[in-house]
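Read the structure below first, then the notes.
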Amino acid sequence: MKTLGIIAGSGIFPLTVAQAARREGYRVVAVAHEGETHPDLAAQVDELTWIHVGELNKLIAAFKAAGVSEAVMAGGIQKVRLFGNARPDLRTLSLLARVGIKKDDSLLRAVAEELASEGIQIRSATELLSSLLTPKGLLTDRSLTSREEQDVEFGWSLAKEIGRLDIGQCVVVKDRTVLAVEAIEGTDETIRRGGRHGREGTVVVKVSKPQQDARFDLPTVGPKTIEVMTEVGATVLALEAGCSILLEKDLLLEKARAAGISVLGR
């Protein structure tokens, strides 16, 4: 039986990847992060090891002991933990010293290279989950207004630029005015912050970075995203078709329709 390793972060994405891998006939071995990974992952995998953020040696040892030669990264790690609750071992400290600037892409590529040096190749989770990629077109019932279409166009170029600078993947706009730019707080808090400034009718745009590595950190949304948008009165979620992931797609779209939110794959 083929073995797949999962480096599990937060949210339901690791569970979704584990389920898909098992359907494909994989034996699934996961390394989960304390304070981040959902405990329900244990029921979806064959082996599970818990580590603290930054324990790279322990992660590698768990995979090697289980015979893992291919792995995927699934789910994020809250960036604030990198500055507070992480417990970096000597290997991680050495890696951070080499990388220098703590940009998402630089760190993740460095981790992938470190694993590759131990014979563990990082694959893209979308190889298993192509059905979760955002399709092109309007995915809900309500058409965008002229103002919302202009806001999507306006926000798109800005989101691409903050992605190019490796700041974030999401912007919140209204009337061609930037209300919030995603940084360390993540997408949900960005939407809340933008909603406080724009009130009803804000537009959320989330895209892949121009330099996006498909092996990690693809833009991902789920039902919780729609719940937060509903909370602040946001009316449009625009995503990059083919380059972003819809978790629990049917439930997400059901919640969006109920709230009158337009979901667009662009």
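The values are calculated or read from the model by the stated rules, or taken from the named source; none is laboratory data. Everything numeric in this text was worked out from a predicted model, so none of it was measured. Counting neighbours? That spans all protein chains shown, and the Cβs are built from the backbone with ideal geometry, glycine included. We work out accessible area using only protein heavy atoms, side chains counted, and drop any ligands, DNA or RNA first. Shrake-Rupley method; radii C 1.70, N 1.55, O 1.52, S 1.80 Å.
Rounded, prolate or oblate: pick one for region 1-74, where a ≥ b ≥ c are the square roots of the eigenvalues of its C-alpha gyration tensor, a/c under 1.5 means rounded, and failing that, prolate if a/b is larger than b/c, else oblate.
oblate
Rounded to a whole number, what % of the accessible area of region 1-140 do carbon and sulfur atoms account for, probe 1.4 Å?
51 percent
With every protein chain kept in place and ligands, DNA and RNA left out, what is the accessible area per residue of region 175-266? Probe 1.4 Å, answer in Å².
40 Å²
If you add up the charges near residue 214, with Lys and Arg at +1 and Asp and Glu at -1, over every other residue whose beta carbon is less than 10 angstrom from its beta carbon, what do you get?
Combined, the nearby Lys, Arg, Asp and Glu give -1.
Which sequence of 64, 209 reflects their accessible areas, 1.4 Å probe, from the largest down?
Output order, biggest surface exposure first: 64, 209.
Let me know the shape class of region 81-219, please: from the alpha-carbon gyration tensor, a ≥ b ≥ c as square roots of the eigenvalues, rounded when a/c is under 1.5, otherwise prolate if a/b is greater than b/c, or oblate.
prolate
Can you give the accessible area of residue 250, probe radius 1.4 Å, in Å² rounded to 10?
Approximately 120 Å² of residue 250 is accessible to the 1.4 Å probe.
In percent, how large is the relative contact order of region 39-198, given Cα pairs closer than 8 Å and 6 or more residues apart?
Contact order relative to length: 18 percent.
Starting from the Cα gyration tensor of region 117-191, take the square roots of the eigenvalues, sort them a ≥ b ≥ c, and report rounded, prolate or oblate (rounded when a/c is under 1.5, otherwise prolate if a/b is larger than b/c, else oblate).
Because a/c hits 1.5 or more and a/b fails to exceed b/c, region 117-191 counts as oblate.
Could you rank 215, 192 by how accessible they are, 1.4 Å probe, largest area first?
215, 192
From the residues 10, 129, 168, which one has its Cα farthest along the dipole of the chain in the positive direction, the dipole being from +1 and -1 charges on Cβ of Lys/Arg and Asp/Glu about the Cα centre?
Value computed over the given set: 168.
So with the 1.4 Å probe, I'd like the accessible area per residue for region 1-76, rounded to whole Å².
40 Å²
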